[in-house]
Amino acid sequence: MKNIVFALGLMFTSGSALAAEPLYLTFRLSNGEERSFRSTGLSMTVSGDMLLISNEETQAELSIGSLVSMRFTEKALSGVMEINDSDSVTVYSLKGEKVGEFKTAAIAEKTLPVGSYILKSADKSIKKIIK
């Protein structure tokens, strides 16, 4: 992950060559949460196992071990991704095997045994842990 952070730093320094720079850098964490930071004036430093992020608006610390992905977005995203209650879902095991299809994510969650799954709706996929 440190290599990704380093590569990201290089992208910021060369980002001025891009015509239309995205406004936010969004991190997805292992718990499903997404955190966005305005890219203007963004500074990132690695300290131990923490990624320290700051700009003129905010300062934050993210555990490098909890980072799943990062991407540029045009708007700020935050919170835990969820699938709409009315969306039908297809459920897969973490091995990629299809477990079943359900009318809603809520029905899937009530029906599935304890474990970790990928729930896929028409427009998004999330990792869900059933306890």
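The values are calculated or read from the model by the stated rules, or taken from the named source; none is laboratory data. Values in this document were obtained by computation on a predicted structure and should not be read as measured data. Because the Cβ atoms are built from the backbone with ideal geometry, glycine has one as well, and the counts that use them run over all protein chains shown.
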Subject >> Matching entry among Val68, Val99, Val46 (being in contact with a helix residue (DSSP H, G or I) (Cβ under 8 Å, 6 or more places away or on another chain), β-branched (Val, Ile, Thr), at pLDDT 90 or above and not in a loop (DSSP other than H, G, I, E, B)) >> reply: Val46
**OP:** Would you check if Leu62 is assigned to a strand (DSSP E or B), in the same structural domain as Leu29 (by TED's automatic domain parsing), surrounded by 11 or more Cβ atoms within 10 Å (Cβ to Cβ) and of a type outside the set (Phe, Trp, Tyr)?
**Re:** yes
